[in-house]
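S.K.: The structure under discussion is supplied below as structure tokens; questions concerning it will follow.
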Amino acid sequence: MINKIYYLGTCDTCRKIIKSLPKDVDLVFQDIKQDRITLEELEEMHRLSRSYESLFSKKAILYKTMDLKNKQLSESDYKNLILENYTFLSRPVFIINDGIYIGNSQQNMLQVMKVLNNV
């Protein structure tokens with residue numbers, strides 16, 4: 001399996017995280033704005049995370065604009081929204097050695113760094 005990071009090139013947090021990665025790390029980088037997530041890629045993320053909701057960013061501006069917090073969203077809704085607009089993917093998403101790491105929390109990034117240093 002290919003180790004990969006899904007990120008947004010215009011996101012300061014994503015750029016900061018990428019700069020902090022070990023220099024010799026073997027990752028495929030996919031800017032989700034330039035190279036949209038495919039159904040197959042999203043389904044792979046779902047297989048690893050077991051939830052579309054866990055992949056969904058409730059911080060996205062569109063989340064507020066579309067008043068989604070006041071709607072009852074299903075797993076199917078989360079999936080379709082992520083496919084429709086890249087900003088709904090919680091970022092970054094790392095897939096490393098068949099494990100998935102979603103988002104930029106400090107705890108998550110510590111786990112990513114630990115795993116990357118052992119790859």
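The values are calculated or read from the model by the stated rules, or taken from the named source; none is laboratory data. These figures come from a predicted structure and were not determined experimentally. Neighbour counts are summed over all protein chains in view; Cβ atoms, including those assigned to glycine, are modelled from backbone coordinates with ideal geometry.
S.K.: Restricting to segment 3-17, give me the number of residues that are in contact (Cβ under 8 Å) with a residue 40 or more places away in the chain and either assigned to a loop (DSSP other than H, G, I, E, B) or among the β-branched types (V, I, T) (or both).
M.R.: Number satisfying all stated conditions: 6.
S.K.: Same structure, new question: Those residues that are out of contact with any helix residue (DSSP H, G or I) (no Cβ under 9 Å at 6 or more places or on another chain), surrounded by fewer than 17 Cβ atoms within 10 Å (Cβ to Cβ) and not in a loop (DSSP other than H, G, I, E, B), I need them from segment 109-119; list them, please.
M.R.: Initially, segment 109-119 is screened for residues out of contact with any helix residue (DSSP H, G or I) (no Cβ under 9 Å at 6 or more places or on another chain), giving 110-111, 114-119.
Among the residues that remain, those that are also surrounded by fewer than 17 Cβ atoms within 10 Å (Cβ to Cβ) are: 110-111, 114-115, 117-119.
Passing the criteria: L110, Q111, K114, V115, N117.
S.K.: Pull out all pairs, ordered by first then second residue, where Cβ-Cβ is under 7 Å, the residues are six or more apart or on different chains, the first lies in segment 82-96 and is basic (K, R), and the second is at pLDDT 95 or above and in a helix (DSSP H, G or I).
M.R.: R91/C14
S.K.: Mind checking whether some residue in segment 23-35 is assigned to a helix (DSSP H, G or I) and either among the aromatic types (F, W, Y) or free of Cβ contacts under 8 Å to residues at least 40 places away in the same chain (or both)?
M.R.: Within segment 23-35, not a single residue is assigned to a helix (DSSP H, G or I) and either among the aromatic types (F, W, Y) or free of Cβ contacts under 8 Å to residues at least 40 places away in the same chain (or both).
S.K.: For a quick check of your reading of the model, give me the residue pairs whose first member lies in segment 103-117 and is within 15 Å of V93 (Cβ to Cβ), whose second is polar (S, T, N, Q), with beta-carbon atoms closer than 7 Å and at least 6 apart or on different chains.
M.R.: Going by the 7 Å Cβ cut-off, the qualifying pairs are G103/S90; N104/T13; V115/N97.
S.K.: Here is a follow-up. Take segment 53-98 and flag every residue that is aliphatic (A, V, I, L, M), under 17 Å from the mean Cα position of the chain (by Cα), in a helix (DSSP H, G or I) and surrounded by 15 or more Cβ atoms within 10 Å (Cβ to Cβ). It would help to see each step written out before you state the result.
M.R.: Residues of segment 53-98 that are aliphatic (A, V, I, L, M), as a first pass: 55, 60-62, 66, 68, 73, 81-83, 89, 93, 95-96.
If we keep only those that are under 17 Å from the mean Cα position of the chain (by Cα) too, we end up with 55, 60-62, 81-83, 89, 93, 95-96.
Then keep just the ones that are in a helix (DSSP H, G or I); that gives 55, 61-62, 81-83.
Of everything in segment 53-98, those that are aliphatic (A, V, I, L, M), under 17 Å from the mean Cα position of the chain (by Cα), in a helix (DSSP H, G or I) and surrounded by 15 or more Cβ atoms within 10 Å (Cβ to Cβ) turn out to be L55, L81, I82, L83.
S.K.: Looking only at residues that are among the hydroxyl-bearing types (S, T, Y) and within 18 Å of V115 (Cβ to Cβ) in segment 6-52, which one is surrounded by the most Cβ atoms within 10 Å (Cβ to Cβ)?
M.R.: By that ranking, first place goes to Y6.
S.K.: While we're here: With the condition kept exactly as written, say whether any residue in segment 87-95 is among the hydroxyl-bearing types (S, T, Y) and in contact with a Ser or Thr (Cβ under 6 Å, 6 or more places away or on another chain).
M.R.: So far as segment 87-95 goes, yes, one or more of its residues are among the hydroxyl-bearing types (S, T, Y) and in contact with a Ser or Thr (Cβ under 6 Å, 6 or more places away or on another chain).
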